[in-house]
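The values are calculated or read from the model by the stated rules, or taken from the named source; none is laboratory data. As the structure is a prediction and not an experimental result, all values here were calculated from the model. Glycine gets a Cβ as well: all are built from the backbone with ideal geometry, and neighbour counts include every protein chain shown. Just the protein is used for accessible areas: all its heavy atoms, side chains included, with ligands, DNA and RNA removed. Shrake-Rupley method; radii C 1.70, N 1.55, O 1.52, S 1.80 Å.
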Amino acid sequence: MTKGALLVVISPAVLVAGPPASGKTVLGAALAGRLRAALLDLDVLTNPLTAVVGDLVGTHDVDDPRLVAATRRARYDTVYAAAVDNLAAGIPVVLVAPFTTERRDPGAWRAAADRLTAAGGRPSLVWLRADRALLADRMSSRAADRDRPKLADLTAFLDRIDLAPPAVDHLAVDAAAAPGAQLRTVLDQLDASRDPRE
């Protein structure tokens with residue numbers, strides 16, 4: 001490297017998406033550990049402030065359209081801003097969220113990917129593919145507080161979920177597979193897609 005040249009570090013920026021109860025958090029944590037990456041979970045980073053807004057709009061169901069309209073943009077901006085800061089410091093990132101807009105809208109995905117790339121990231125979208133039966137079983141089994149409104153009418157909730165694969169380039173991972181197998185699938189794909197100049 002010549003004197004004064006700037007070393008550009010390109011770090012993985014893995015976005016783990018999937019429907020509720022598909023295993024996003026488990027896979028995201030495993031990836032972050034293996035990649036020595038910052039784990040940026042939408043719920044962990046934003047739920048305390050989302051709860052404050054929920055008090056104001058009269059609901060704590062994060063899927064309620066009133067709460068989504070009031071918080072969605074700010075919640076995702078928080079996650080992306082944290083990712084950009086970490087990438088700029090040369091730290092890989094794993095982002096965990098539904099990424100519903102980004103996976104449905106190629107323009108939204110491109111905007112997100114460009115933002116992460118500009119900060120030194122190599123964005124990859126991972127989609128946890130799950131069917132209704134798996135989601136129903138997991139949501140019933142875990143009985144989390146956040147699932148209470150969904151479990152009240154699980155069939156209606158499952159009817160509203162978009163289980164279609166992303167409309168953008170992505171790595172599909174079987175949500176029913178063991179976490180170790182999921183991790184190997186994603187790591188193998190990340191290795192295969194790495195630019196040899198990195």
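Values computed for the structure shown
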{"item": "Near pairs, Cβ below 6 angstrom, 6+ apart or cross-chain, from segment 162-176 (over 13 Å from Arg110 (Cβ atoms)) to any residue that is open to solvent by less than 70 Å² (accessible area, probe 1.4 Å) and polar (S, T, N, Q)", "result": "Val173/Gln182; Val173/Thr185; Ala175/Ser22"}
{"item": "Which listed residue is at pLDDT 95 or above, in contact with a Phe, Trp or Tyr (Cβ under 9 Å, 6 or more places away or on another chain) and not charged (D, E, K, R), from Leu35, Leu39, Leu125, Leu87", "result": "Leu125"}
{"item": "Residues of segment 77-109 satisfying the condition of being free of Cβ contacts under 8 Å to residues at least 40 places away in the same chain and over 27 Å from Ala152 (Cα atoms)", "result": "Asp77, Thr78, Val79, Tyr80, Ala81, Val84, Asp85, Ala88, Ala89, Gly107, Ala108"}
{"item": "Every residue from segment 177-198 that is within 24 Å of Ala111 (Cα to Cα), under 21 Å from the mean Cα position of the chain (by Cα) and part of a loop (DSSP other than H, G, I, E, B)", "result": "Arg194"}
{"item": "Test: residue in segment 9-31 that is within 21 Å of Trp109 (Cβ to Cβ), surrounded by fewer than 19 Cβ atoms within 10 Å (Cβ to Cβ) and among the charged types (D, E, K, R)", "result": "no"}
{"item": "Residue satisfying all of: in segment 32-60; outside any helix (DSSP H, G or I) and within 30 Å of Leu187 (Cβ to Cβ); most open to solvent (accessible area, probe 1.4 Å) among these", "result": "Arg36"}
{"item": "Segment 92-150, residues that are open to solvent by 60 Å² or more (accessible area, probe 1.4 Å), closer than 23 Å to Thr185 by Cα and either acidic (Asp, Glu) or not in a helix (DSSP H, G or I) (or both)", "result": "Arg129, Asp131"}
{"item": "Criterion (in contact with an Asp or Glu (Cβ under 9 Å, 6 or more places away or on another chain) and of a type outside the set (Lys, Arg)) met by exactly one of Ala164, Ala136, Ala143, Ala112", "result": "Ala112"}
{"item": "Which numbered condition Arg104 misses (of (1) of a type outside the set (A, V, I, L, M); (2) in contact with a Pro (Cβ under 7 Å, 6 or more places away or on another chain); (3) within 14 Å of Pro19 (Cα to Cα))", "result": "(2)"}
{"item": "Residues of segment 151-188 satisfying the condition of being of a type outside the set (Asp, Glu), open to solvent by 50 Å² or more (accessible area, probe 1.4 Å) and more than 20 Å from Leu27 (Cβ to Cβ)", "result": "Leu151, Ala152, Thr155, Arg160, Ala167"}
{"item": "Filter result (among the polar types (S, T, N, Q) and touching a Lys or Arg at 6+ places or on another chain (Cβ under 9 Å)) within segment 101-128", "result": "Thr101"}
{"item": "Qualifying residue in segment 61-76 (condition: in contact with a helix residue (DSSP H, G or I) (Cβ under 6 Å, 6 or more places away or on another chain) and among the hydroxyl-bearing types (Ser, Thr, Tyr))", "result": "yes"}
{"item": "Search result, residues across segment 61-71 that are within 18 Å of Phe157 (Cβ to Cβ) and open to solvent by 60 Å² or more (accessible area, probe 1.4 Å)", "result": "Asp63, Pro65, Arg66"}
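Okay, residues lined up against (1) small (Gly, Ala, Ser); (2) within 14 Å of the chain's Cα centre (by Cα); (3) at positive phi:
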{"position": "Ala38", "(1), (2), (3)": "yes, yes, no"}
{"position": "Leu42", "(1), (2), (3)": "no, yes, no"}
{"position": "Leu49", "(1), (2), (3)": "no, no, no"}
{"position": "Asp55", "(1), (2), (3)": "no, no, no"}
{"position": "Asp64", "(1), (2), (3)": "no, no, no"}
{"position": "Val68", "(1), (2), (3)": "no, no, no"}
{"position": "Thr78", "(1), (2), (3)": "no, yes, no"}
{"position": "Ala83", "(1), (2), (3)": "yes, yes, no"}
